[in-house]
Every structure is written in structure tokens, then in C-alpha cells.
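We did not get these values from a lab; they are worked out from the coordinates using the rules stated. Since we're looking at a predicted model, the values are computed, not measured. Cβ placement follows ideal geometry from the backbone for every residue including glycine, while neighbour counts extend to all protein chains displayed.
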């Protein structure tokens, strides 16, 4: 069972209660603001290096130790050393559990032999999702001699108050020899974690930040911001084509906007048609005017017709003499009429028909020009 605690010798060598509290609280207070600026070993004690490792003394095959590591507080690493019983071999189980100052912070540990060779690194232990603590573990088979355990905060913003439990189970094997004690240089320090760069989002968008140069925010983008090309901003703008498909119909309505259906526009004023009004783009019905006067003009006849611009007729319309007052009546062969002038109620036109043909067919049909 992992039930025994580190002996009195380990407690005497550790920091005072006040020192432990100060070492825990200060890093947590500055975690958010200084995580990117504090060197990982700025405030570490002697146990921050392998030469100052605190001894863990087995009692009935078990020992526990506790401490705090904090990257933002400058005390990222604690070293422990454990000496297994002389000439004994067995299984060494190491378990690390910790409580972080806020959810999501991670600790871990590595195990080295006395020649500084890395033998094992901790692995995650599955727990309940809502658990406030965290655990990692590792096991060494055929363990013997002396081992160093490095407990550390994983990332730049990580910290935690930890408990380290070690259990040694002896194997009944033949005698083991004690390895020679050699002067071995310290293992390399853990590499510093690179500064975390928060990706650009709608909440932190700033056009001056390099990480935002290819980001289009939902709102607040500067005019003509390249990443937003082809996207409608919030609020939408009638000047941006991408908005025409999705924005509501503005007032006054605009025919470019999909939501501006013909019912959103007023009826067309035929005397002054609005090209932006879809009700004016539908083909107008033919209009029939009666010939109220004629006179010779060389080989042509000049006609005065009872119709005009008040009915929406323009010079672009086509005109022809027909056999009756109904627009569906048959056109007279060769009866095309050239529109010369238009006022509100009268139209002057010219035709190649004879006076007799006009007297027999005194009607002119006006048809709007095709779109």
C-alpha cells in the first residue's frame, strides 16, 4: 500500500510552512500576467537541481512526499532521490497526484538512474471528468540501487500542489551488486516552452496583429479588408455585393437585393419609369391610338395620333397601322409608322400608306421596345 510518508529527515530539510504557502500563492497570483516572462528556475531552491535532490526514505517499502512546482513562479522542477534496499531488486511504482490552482494545469515526472539515464516518464491515469485532481504513474521492473525523480510543471502556465507516492516490492532473486558511484554531469534542463500565441478570433481581432492578417471577423473589419472579400460584414452594407444575397430589403428598396421582391416596390409610373423598380421592367401592354389628322409630305403621310407620353410611350416604341381598335387586330401591310415627336397627349408620325388606306384603317398600335 502507498500509505507511508517521507520521514522526519525529509521534513527537516524542507521549507517552513510559511515558505511553502508563499511559494504556492505568489506564482498563482501572477500566473496570468507573467507566465510568458518568468524564467523556469528563477525562484527554485536547492532541490531544483539533481545535486540538491531531497531524499525519500522507504519505510516498509513505501514513502510519500509533497511539494509545489510552478512554472510562472520560477520554480518549475523538484528533484527527489530514493535509495532502494541494498542488494535488493524488485518493482518500483511511482504515482504523482496534484491539485492545480485552476482546471487544466498539468504536472509530470521523469525517473533517472544514478548515471542520469532516463528510464521512464509518467503516463496519464484515467479519472472522472469532473475530478479536481490529476494523477500520473510509472513502473520500473527489476529496479535496484538509487533513482532520481524529477517532478515538474509541463507547460509555461502550469503549476500544482503535488503528492508523490513510491512503493517498492522486492523480488526474490539472486544477489545484486552495488553499481560504482561515478561523477556524472547534470542532465540537461528541460527546454523552455515557446511563448503561446493566441490565434485570431472575433473576440481579439486587431488588424495590426500578424496572426489576424488572414482573418475576417464577423464585425469590425476595416474597409476593403482583403480576407473579408466576398463576405458580408455585420452590419451588412448595400455597397458590398456579397450582402445582396442575404441582407434584408432596405428602405427605400433596392433591386440589387434579393429580398427586395416586386411587392416591396411601388407601382410603376409609366410617364417616368424608374429603372430600379422591377415593376417597371415588365413589358408594357400595347397601346392603340386613333389617327385624328393627316397631311401629305411628299410621298409620305404625316399623322397626328391620339396617344402620348402620359401613357408611357417613348420614341423607342414601335408603331404600326392596324385594321381595328383592338391591339389584337391585324397589322396593315406596309403600315409601319415612324415616330417623329411625342407630347403628353399627341404623337406625330410618318407612314408610307396612302390616304385611302389610312381612312379605312385609322388606328395605330404602339408596342414597347424589347428589353
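As a rough guide to protection, the peptides 156-163, 188-195, 353-360, 94-101 ranked by mean Cβ packing within 10 Å, highest first, stand as 156-163, 94-101, 353-360, 188-195.
Which order do the peptides 254-261, 40-47 take when ranked by the mean count of other beta-carbon atoms within 10 Å per residue, highest first?
Working: 254-261: 16.0, 40-47: 17.5.
So the order, starting with the most tightly packed, is 40-47, 254-261.
Within segment 287-367, all pairs of alpha-carbon atoms sorted by distance into 10 Å bins from zero give the percentages 21, 59, 20, 0. Cα centroid separation, segment 193-207 to segment 235-279: 40 Å.
Shape class of segment 210-345 from the Cα gyration tensor (axes a ≥ b ≥ c, square roots of the eigenvalues): prolate, since a/c reaches 1.5 or more and a/b is larger than b/c.
Computed extension length for residue 60-residue 300: 73.3 nm, one decimal, from 0.36 nm per residue of separation with the Cα-Cα distance subtracted. With N denoting the number of residues in segment 206-289, provide Rg(C-alpha) divided by 2.2 N^0.38 Å, to two decimal places. In units of the 2.2 N^0.38 Å rule of thumb, it is 1.60.
In percent, how large is the relative contact order of segment 287-367, given Cα pairs closer than 8 Å and 6 or more residues apart?
Details: 189 pairs, mean separation 32.7, N = 81.
With pairs under 8 Å counted, the relative contact order is 40 percent.
Taking the centroid of alpha carbons for each part, segment 333-362 and segment 133-157 are 106 Å apart.
The modelled label-to-label distance for the pair residue 330/residue 232, using points 7 Å beyond Cα in the direction of Cβ, is 5.5 nm.
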